[in-house]
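Scroll down for the structure; my scribbles are underneath it.
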Amino acid sequence: MTMNDIAIRNAPMNITSVNQDDINAAVWAACDTFRGTVDPSIYKDYVLTMLFLKYVSDVWQDHYDAYKKQYGDHPELIEEMLKNERFVLPASASFYALHTLRHSPGNGERIDKALHAIEEANITKLRDVFQDISFNSNKLGDEQQKNDILRHLLEDFAKPELDLRPSSVGQLDVIGNAYEFLIKNFASTSGKKAGEFYTPPEVSALMARLMAPQEGDEICDPTCGSGSLLMKCGRLIRESTGSRKYALYGQEAIGSTWALAKMNMFLHGEDNHRIEWGDTIRNPKLLDSAASLKHFDIVVANPPFSLEKWGFEGADADKFSRFRRGVPPRTKGDYAFILHMIETMKPGSGRMAVVVPHGVLFRGAAEGRIRQKLIEDNLLDVVIGLPEKLFYGTGIPAAVLVFRKKKADDKVLFIDASRDFEAGKNQNLLRETDLQRILTTAATRQSVDKYAYLATFAEIAENDFNLNIPRYVDTFEEEAEIDLMAVRKEREQLKAELVSLESQMAVYLQELGYE
C-alpha cells in the first residue's frame, strides 16, 4: 500500500451530485463550530483555509482514483501522473489523513504542519500563503478546547455535502462561488473590518461592466482585498468570449487578506494572476523595472476611505513621480490611491474606476488643486453618485469615478444614482435595473432630466472644479400646488365626523353608568 493509499483510505468513494446551495449551506453551518467562542473576523480565516485544504485534497483524490483505475498494476505510473497535478499534495497533508487522527491530541499542530507541507510542495504558487494562519493558536482556547473545536471542524468538512471532487461538483466555479459566499457572509457580520477585504458584489459588477474588459487585457487592483473585483472583470471576458486570455494583477497590504485573495484566485481557476503583498503607496510591487510602474489596460479599486497614515512623509520624493500633480493631505489618502492608479494606466487603452467618499469631489486645498489638474489633463470621464449604506462597515454614500487616458470629448458626465436601490435593514442593494440604468446612461453619454448631466470643461471651471454632483444634476421636485378650497372642505367634513363621534361616545358612557 502506497502513502497515497494510506492518506485517502477513509475518503468517501460514492460519487454523488452536490449542488451550489448544498455546499453554501454546509460551509456556513461549519461556522457554528466557532460561534460564541471566536470572533468572526478571526474564524473566517480558519473556515476559508479549511475549504481550500478540502478542495485540494478532493481534487487530488479524484484524480488519484482515476489514475489507479487506469494504471492499477503500475503504481510508479500513478505517482508520475500525480506530479503533473495543479497542486501537489503530500500524503500526510491530506484532509483525510487529518480527519482520521481527529480524536487524537494535537489537531492544531497537525493541521499547521499539513499546510506548511502543502506550501513547500507548491512553493511557486503558495509561498507565504499560510504564514498568517495558525490552527495551533491560543485564539481557539486551551489545548482541550482547541482540539475539540478542530475535531468538529474536520467533521463538518467531511460531510457528504462538502464532497468537492470534480466528479461530484463539476465546474470549478462551484467551489469558488462557495468561497465568495463565505466571504460575503463574513463581511456582513464583521462591521468596519469588512471593508478591508470585500466590496459588495453589485458595486464590483458595476465597475467591471463600466470598464468593458476585453480579451488580452491586463487588469489591476492595487488594493485588491480578497480579489473579488478582479475576478468580476475576468468573468466578464470569459462570458463574452469564452477566452481566458487575460491577466489579473493585484496588491494587498494586509497579509491575511492577501492570503484570502491568493486562495480565492485558485479556487476560481484564475491561475494567470500575480497578487503581491505590500503597501501600494509606500512600496508598489507591480513594476516593469526598479524605476518604472507596470501599466495596465484596466485599473479598478475600492481603496480605504480617507486613510490617515497613507505615506505622506515620502510622497514628495516619490521615485515614480506619482504625485507630480500635488501631494494629498497628510491625513487623507484618497488622492494618493487615485494618483497611483492614474500612473498605472496604459497610454492608449488605459481606463480606471475607483470608489471614493464624496469629500473627494469637493474638498479644497491640496485636493482641490489635484482635482483641477486631473480635469485639465482631460482624464476624468464619469462621476457616479451611489446610494448610502451599500458598503460594509460604513453607511456613508460613495461615488465611482471613471478615468480614461483617451476620451471622446473634454466633458464630464455626472450621474446621480443615489435614489435607485432596494432598501435593506442593514445594507441597501443595487438591483440589476439600477445597474443597467447607470451603464446605459454612461454609454449614451447624454444628459437625463434629474438623473444625469454632461458638463463642459467651462462649466466645471466656473464651479472652481468642484465636482459635487448636486451642482450639475438638479433633482429638485416641485411640490404639488395645494388646493385650499379642497382642504377647507375636508376640514369641515372631519369636524362634522368628530361631532358625531363625540355624541356616540356620550351615549356609550351613559349606558355604562358614567354621567
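The values are calculated or read from the model by the stated rules, or taken from the named source; none is laboratory data. Note that the structure is a prediction, hence the values are computed from the model and not measured. Here the Cβ positions follow ideal geometry from the backbone for every residue, glycine too, while neighbour counts run over all protein chains shown. Side chains included, ligands, DNA and RNA excluded: accessible areas come from the protein's heavy atoms. Shrake-Rupley method; radii C 1.70, N 1.55, O 1.52, S 1.80 Å.
At what distance in angstrom do the alpha carbon centres of region 358-391 and region 97-173 lie from each other?
Between the Cα centres of region 358-391 and region 97-173 lies a distance of 45 Å.
What number comes out for the charge environment of residue 246, summing +1 per Lys or Arg and -1 per Asp or Glu over other residues with Cβ under 11 Å away?
The answer is -1.
Around residue 275, which amide H atoms from residues at least 5 apart in sequence, or from another chain, sit under 5 Å from its own amide H, with H modelled in the peptide plane?
The list, which skips near neighbours in sequence, is 250.
Could you size up the charge dipole of the chain around its Cα centre, putting +1 on the beta carbon of Lys and Arg and -1 on that of Asp and Glu, and report it in debye to the nearest 20?
Taking the Cα centre of the chain as origin, the dipole is about 1460 debye.
Relative to the longest principal Cα axis of the chain, at what angle does helix 107-121 sit, 0 to 90 degrees, rounded to 10?
Between the helix axis and the principal axis of the chain, the angle is about 80 degrees.
Alpha carbons only, please: Rg and Dmax for region 413-497, in angstrom.
Computed over the Cα atoms of region 413-497, radius of gyration and Dmax are 20.2, 62 Å.
Would you calculate the separation in nanometres between label points at residue 510 and residue 394, each defined as 7 Å from the Cα along the Cα-to-beta-carbon direction?
Taking the simple label geometry, residue 510 and residue 394 are separated by 6.9 nm.
When the helix-only estimate is applied to the chain (DSSP H runs of n ≥ 4, each -39,500 (n - 2.57), divided by the residue count), what is the mean residue ellipticity at 222 nm, nearest 500 deg cm²/dmol?
Helix-only estimate at 222 nm: -14000 deg cm²/dmol.
How tilted is helix 255-267 with respect to the longest principal axis of the chain? Cα atoms for both, answer in degrees (0 to 90, nearest 10).
Here the helix axis deviates by roughly 70 degrees.
Quote the relative contact order of region 108-252 in percent (integer), defining contacts as alpha-carbon pairs under 8 Å separated by 6+ residues.
15 percent
Report relative contact order for the chain in percent, whole number only (criteria: Cα-Cα under 8 Å, sequence separation at least 6).
For the chain, the relative contact order is 11 percent.
Taking all pairs of distinct Cα atoms, average 1/r, flip it, and tell me the Kirkwood hydrodynamic radius of region 98-226 in Å to one decimal place.
Evaluated on region 98-226, it is 17.9 Å.
Going by average Cβ neighbours within 10 Å, how do the peptides 398-406, 447-455 rank, with the highest at the top? Spell out each step's value before the answer.
Details: 398-406: 20.2, 447-455: 17.1.
Per-residue mean Cβ counts within 10 Å order the peptides as 398-406, 447-455.
For the chain, what does the accessible surface come to per residue with a 1.4 Å probe? Please give it in Å².
Solvent-accessible surface per residue comes out at 47 Å².
Relative to the first principal axis of the alpha-carbon coordinates of the chain, what is the inclination of helix 484-511, with its axis defined by its Cα atoms, in degrees from 0 to 90 and to the nearest 10?
With both axes taken from Cα atoms, the answer is about 80 degrees.
If packing is taken as the average number of other Cβ atoms within 10 Å across a peptide's residues, how do 131-140, 63-72, 488-497 rank, most packed first?
Ranked from most to least packed, the peptides come out as 131-140, 63-72, 488-497.
Give me Rg/Rg_expected for region 236-281, where Rg uses Cα atoms only and Rg_expected = 2.2 N^0.38 Å with N residues.
1.28
Short version: ³J(HN,Hα) in whole Hz for each residue of region 278-283, in order, from phi by Karplus 6.51 cos²θ - 1.76 cosθ + 1.60 (θ = phi - 60°), x for Gly and Pro, what are they?
x, 7, 4, 7, 6, 8
How much net charge surrounds residue 483 when only the other residues with a Cβ under 11 Å from the Cβ of residue 483 are counted, with Lys and Arg +1 and Asp and Glu -1?
Once positives and negatives cancel, what remains is 0.
Grab the other residues whose beta carbon is less than 15 angstrom from that of residue 375, score K and R as +1, D and E as -1, and report the net. Could the numbers behind the result be given before it?
On the way: positive: 325, 363, 369, 371, 373, 404, 405, 407, 411, 471; negative: 367, 376, 377, 381, 409, 410, 459, 462, 464.
Once all neighbours under 15 Å are counted, the net charge is +1.
What is the Cα centroid distance between region 278-347 and region 411-445, reported in whole angstrom?
28 Å
Kindly write out, for region 425-436 in residue order, the coupling ³J(HN,Hα) from the Karplus curve 6.51 cos²θ - 1.76 cosθ + 1.60 (θ = phi - 60°), rounded to whole Hz, with x marking Gly and Pro.
Karplus values, whole Hz, x for Gly and Pro: 5, 10, 10, 8, 9, 7, 7, 4, 5, 5, 4, 5.
Highest mean first, how do 19-28, 337-346 rank when packing is the count of other Cβ atoms within 10 Å averaged over residues?
Descending packing order for the listed peptides: 337-346, 19-28.
What percentage of the solvent-accessible surface of the chain, computed with a 1.4 Å probe over protein heavy atoms, is contributed by carbon and sulfur atoms?
On the way: 12320 of 24180 Å².
Carbon with sulfur: 51 percent of the solvent-accessible area.
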